[in-house]
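Novice: Right, I'll just put the structure down here and ask away after.
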Amino acid sequence: MTPSLEVEGLAFAYPDGHQALFGVDLRIEQGERVALLGPNGAGKTTLVLHLNGVHRAGAGTVRVGGLEVAKPHLQEIRRRVGVVFQDPDDQLFMPTVGDDVAFGPANFGVTEPELSLRVKQALGAVGMGEHADRSPMHLSGGQRRRVALATVLACDPEILVLDEPSSNLDPVARRELAEVLLGLDRTMLMVTHDLPYALQLCPRSVVIDEGVVVADGPTRDLLADPAFLAAHRLELPFGFSV
Amino acid sequence: MGAGHAHTLHHVGDSPVHRLPAHVKIVAAFLMVIAVVATPREAFWVFGAHLALLVGIWVTARIPVAAIAARSLIEAPFVALAVLLPFFATGPRTEFLGLSLSVDGLLAGWNILVKGTLGVLISVTLGMTTPVRDLLAGLARLRVPGMVTTIATLMVRYLEVIAAEARRMRLARVARGHDPRFLWQIGPTVRGVGTLFLRSYERGERVHLAMLARGYTGSMPLLGVPTTGRRTWAVALAPAAAAVLFATAGYA
């Protein structure tokens, strides 16, 4: 079976010369849920922006569902990689929730009546079916996060990429989002500092530090090694142990 | 949509006027404004006829006159200009209540006042019967350049976000004892405006990134394109056609 994501020897330096990635290898099979962990500045976001072709690899390749990330099929790559950004206010820019969810599929050539159906299904999948006509401004933080997820689900992506999905959420919204994510049955790459959330949602974790993958294995095993965590500026919150 | 926040112009309703497609209403309103502007200023009765047309639309749309009046206050500065003109314009003068007024100025003032008022009333009527998002979609349908409608769409969405950010920054200043009472204490507020600009700029970059991630290629997709029948166009353009006829009659 073709893996959902294949990254081989990916290296990248920003135009100012700062090298962010030094040869990253990563393979995610269909249906896997993987947490991407690492301290601030480790290169996590840089890696994410390579997956949908916002950054172009300096060296190495990225393939999504077997298709290489390259200019001729950038549009198809962006449909296949659904990025949910950290701040929903950046992601939700249309006047209403329904319009925002329709934005992606409409760009990818979906037309009515299929478009309305996609919007309805995506909002239904995140429990926001009632709110299509509201302004994103009038939603709670948790609702906005779920709508942001719906805007990506409507594009029917091969892989969901979530950037800090649990940040700024109250405990109930955090749990509700976890339930929605667990119910989706999709390939997922979740960038997070929230280690208990990684443990709850992702059986496998990849730790990246200083631009290279330093560990790749079962989340529970990685989090059970305090010395390893400390070496990469990671630690479980007070009172937690695995 | 509609009630409250940034969309206070819109007056929620379900009348035949509300239900007309936005792009049709925009064309009709535009034609009416042209007709009003083209009406010769001495053809006093024609302006009455234009107003009667508008009243007819208000009755059909079931929008209260008080709400229209409140939204028309935006015209006030222009009224002030119109009132001043008769006093300061040159040319032959006439006496009214012991005041010496310029005839030309009177006519010019009347011209500004009546055309401005009717123009504002037409725009307010359009705004009250059409939600902002429909107006933007209507403009896009009328092939207004994508850049313009995109900017307007984002402005509608982000004005509130930026205002909320400004409020949080003000709170953060006040919470640390900033209490500007005099002009020379305004420094932190001004620097706050600069910071707000930078933050908005950065947000703009992040929004653009999020748009690219969902396949944005430089033009907004047209969402839910309804086909508009000739009948709809005919109904919507009838008042505008009448206004054009009146304006033409004004030259006779």
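Novice: Once each part is reduced to its C-alpha centroid, what is the distance from segment A:79-151 to segment B:56-106 in angstrom?
Specialist: Cα centres, segment A:79-151 to segment B:56-106: 47 Å.
Novice: What value, in deg cm²/dmol to 500, does the helix sum -39500 (n - 2.57) over DSSP H runs of n ≥ 4 give at 222 nm once divided by the residues of chain B?
Specialist: Dividing the helical sum by the residues of chain B leaves -23500 deg cm²/dmol.
Novice: Take every Cα-Cα pair in chain B and report what % of them are more than 30 Å apart.
Specialist: Summing the P(r) of chain B above 30 Å gives 48 percent of all pairs.
Novice: Listed highest first by mean packing, meaning other Cβ atoms within 10 Å per residue, what order do B:229-236, B:123-130, A:5-12 come in?
Specialist: Ranking, from highest mean packing down: B:123-130, A:5-12, B:229-236.
Novice: Let me check I have the definition right: for segment A:5-231, take the eigenvalues of the Cα gyration tensor, multiply each by 5, take square roots. What are those semi-axes in whole Å, largest first?
Specialist: Semi-axes, largest first: 29, 22, 15 Å.
Novice: Across the residues of A:74-84, average count of Cβ atoms on other protein chains within 10 Å?
Specialist: Partner-chain Cβ atoms within 10 Å, mean over residues of A:74-84: 2.
Novice: Looking at the calculated P(r) for segment B:145-213, what percent of the C-alpha pair distances fall above 14 Å?
Specialist: 68
Novice: Counting only C-alpha contacts under 8 Å and six or more residues apart, can you give the relative contact order of chain A as a whole percent?
Specialist: With pairs under 8 Å counted, the relative contact order is 26 percent.
Novice: How large is ³J(HN,Hα), in whole Hz, for each residue of segment A:227-242 in order, when computed from phi with the Karplus curve 6.51 cos²θ - 1.76 cosθ + 1.60 and θ = phi - 60°, using x for Gly and Pro?
Specialist: With coefficients 6.51, -1.76 and 1.60, one gets 5, 5, 4, 4, 5, 10, 6, 10, 7, 6, x, 3, x, 9, 8, 10 Hz.
Novice: If you take all C-alpha pairs in segment B:1-135, what percent of them are over 22 Å apart?
Specialist: 45
Novice: Would you mind calculating the relative contact order of chain B from Cα pairs under 8 angstrom and at least 6 residues apart, reporting the percent as a whole number?
Specialist: 34
Novice: Taking K and R as +1 and D and E as -1, what net charge do the other residues with C-beta under 13 Å from the C-beta of A:ILE208 add up to?
Specialist: -2
Novice: Identify the trypsin sites (Lys or Arg not before Pro) of segment B:97-162 meeting these criteria: DSSP loop state and at most 15 other C-beta atoms within 10 Å of the C-beta.
Specialist: Loop-located and lightly packed - B:ARG143.
Novice: Taking chain B as a Gaussian network, where each spring joins two C-alpha atoms under 10 Å apart, which residue of B:GLY204, B:GLY138, B:GLY215 fluctuates the most?
Specialist: Of B:GLY204, B:GLY138, B:GLY215, the most mobile in the Gaussian network model is B:GLY215.
Novice: Between A:HIS193 and B:VAL83, what FRET efficiency follows from the Cβ-Cβ distance if R0 is 41 Å, with the result rounded to 0.05?
Specialist: Given R0 = 41 Å and the Cβ-Cβ separation, E is 0.05.
Novice: If the elastic network links every pair of Cα atoms under 10 Å, which of A:ALA215, A:ALA35, A:ALA57 fluctuates the most in the Gaussian network model of chain A?
Specialist: A:ALA215
Novice: Another question, if that's okay. Does anyone have the angle between helix B:187-213 and the longest principal axis of chain B? Alpha-carbon axes, 0 to 90°, nearest 10?
Specialist: Taking the Cα atoms of chain B, the angle to B:187-213 is about 90 degrees.
Novice: In addition: State the Cα centre-to-centre distance between segment A:194-242 and segment B:120-170 in whole Å.
Specialist: Cα centres, segment A:194-242 to segment B:120-170: 45 Å.
Novice: Let me ask something else. Mind checking A:97-104 for the average number of partner chain beta-carbons within 10 Å of each residue's beta-carbon?
Specialist: Taking all residues of A:97-104 together, the mean is 4.
Novice: Continuing with the same structure: Which angle between 0 and 90 degrees, to the nearest 10, do you get for helix B:103-129 versus the longest principal axis of chain B when only C-alpha atoms count?
Specialist: That helix lies at roughly 50 degrees to the long axis.
Novice: Cα-based Rg of the protein assembly as shown per 2.2 N^0.38 Å, rounded to two decimals?
Specialist: 1.25
Novice: Compare B:LEU183, B:LEU198, B:LEU222 in a GNM of chain B, Cα atoms joined below 10 Å, and give the one with the largest fluctuation.
Specialist: Looking only at B:LEU183, B:LEU198, B:LEU222, the biggest GNM fluctuation is shown by B:LEU183.
Novice: Given R₀ = 56 Å, FRET efficiency for B:ALA252-B:ALA152 by Cβ-Cβ distance, to 0.05?
Specialist: 0.90
Novice: Hey, rough spin-label estimate for B:GLU42 and B:ARG93, points 7 angstrom out along Cα→Cβ, what's it come to in nanometres?
Specialist: 2.3
Novice: Take every Cα pair under 8 Å in segment A:108-242 that's 6+ residues apart, average their separations, divide by the length, and report that relative contact order as a whole percent.
Specialist: Relative CO of segment A:108-242 lands at 16 percent.
Novice: Pop a pseudo-label 7 angstrom from the Cα along the beta-carbon direction at both B:ALA172 and B:ARG143 and give the gap in nm to one decimal.
Specialist: My value for the distance between the label points is 4.7 nm.
Novice: So if we plug the beta-carbon distance of A:ALA13 and A:GLU68 into 1/(1 + (r/R0)^6) with R0 = 22 Å, what FRET efficiency do we get, rounded to 0.05?
Specialist: With R0 = 22 Å, the Cβ-Cβ based efficiency is 0.60.
Novice: Further, regarding this structure: Once the other residues with Cβ under 14 Å from the Cβ of B:ARG191 are scored (Lys, Arg +1; Asp, Glu -1), what is the net sum?
Specialist: Taking every Cβ under 14 Å from that of B:ARG191, the sum is +4.
Novice: Averaged across B:12-23, how many Cβ atoms of other chains sit within 10 Å of each residue's Cβ atom?
Specialist: Across the residues of B:12-23, the mean count of other-chain Cβ atoms within 10 Å is 0.
Novice: Then there is this: How far is helix B:230-251 tilted off the main Cα axis of chain B, in degrees rounded to 10, range 0 to 90?
Specialist: 50
Read-outs: derived from the displayed coordinates by stated rules, not from any lab. Model, not experiment: these values are computed from the prediction. Every residue, glycine as well, gets a Cβ built from its backbone with ideal geometry; the counts of neighbours run over all protein chains shown.
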